[in-house]
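Below is one structure, written out as structure tokens; comments come after it.
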Amino acid sequence: MSTVSTVLQPHETAGQTGPAALTKPRRVGDFTRDKDTYPAGERSRAWGMTMPWRSFGRTVVLAVCILFVYFSILAVVYTAFHTDYRFLVIASRPLTLRWFLVACEYVPVMFVFYFANSLRAAVGTRYRDVPAWQTYLIAAVANSLGLAAIFVVQYAVFTATSTVHWTDDWLYVNMLQSILPMMILLPIMNKLFYSQTGRAWLGPLVLTPLFVTMSLGGSVAYIPGLA
């Protein structure tokens, strides 16, 4: 049975600490949670939170290129076939100036959540001698279980009483339907980005604008008064 396999940053095997560990050549292998194997002063680097400014700049450029290619293909598909990326209740619309400005209101704030999710999903599920697929499953279930419980409560009460349990304006189940699949995919994709880079930044830099624009497509949002 294969164990968890990803790039460690800094790259080392489990149990190694000190300067020798920080200069260890890149390798892929199994590992333990950093809080148990790294001195406190090295954890932010080991978790993939810190990097040189030049590397961070390249990461931002790479994220912009990925998003540019994604929305460019989407624009071509929409122009040729008049359809967007759509599956059941999830849709990704072509990025217009209007929706770009709307997304700019939400992306900076939501980035905090997506970055925290990247750390929790990528770093918080780093276990020794655990198959990789199990860590992805743990991350996906942990990230979506609470939201799924809301659906269960709402629909169970609705079935019994013809009225949902929570009637607050913010908790519209039809708005949450598109978010639940995203919350399942989010930690999986964050872990995939982390496994390729050893850092927690590329995932949220790509997924925040992507998932925010997808969420705005099916939600109520403040839209500037543009023609």
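The values are calculated or read from the model by the stated rules, or taken from the named source; none is laboratory data. Keep in mind that what you see is a predicted model, and the values were worked out from it rather than measured. We place every Cβ from the backbone using ideal geometry, glycine too, and count neighbours over all the protein chains shown.
Are any residues in segment 75-94 at pLDDT 85 or above and under 15 Å from P209 (Cα atoms), and if so, which ones?
Within segment 75-94, P94 is the sole residue that qualifies.
Can you name the helices (runs of 4 or more DSSP H) wholly within segment 43-146 that have at least 2 residues being over 19 Å from the mean Cα position of the chain (by Cα) and under 18 Å from N190 (Cα atoms)?
Filter on segment 43-146 gives 43-46.
Count, please, the residues in segment 120-133 that happen to be loosely packed, with under 14 Cβ neighbours inside 10 Å and modelled with pLDDT of 80 or more.
Result for segment 120-133: 1.
Yes or no: L180 in contact (Cβ under 8 Å) with a residue 24 or more places away in the chain, touching a helix residue (DSSP H, G or I) at 6+ places or on another chain (Cβ under 7 Å) and among the hydrophobic types (A, V, I, L, M, F, W, C)?
Yes.
Within segment 201-213, identify whether any single residue is at pLDDT 90 or above and in a loop (DSSP other than H, G, I, E, B), and answer yes or no.
yes
Each row is one residue, and each column tells you yes or no for (1) over 24 Å from A200 (Cα atoms); (2) without any contact (Cβ under 8 Å) to a residue 60 or more places away in the chain.
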site: R120; (1), (2): no, no
site: T125; (1), (2): no, no
site: D129; (1), (2): no, no
site: Y136; (1), (2): no, yes
site: L145; (1), (2): no, yes
site: V152; (1), (2): yes, yes
site: Y155; (1), (2): yes, yes
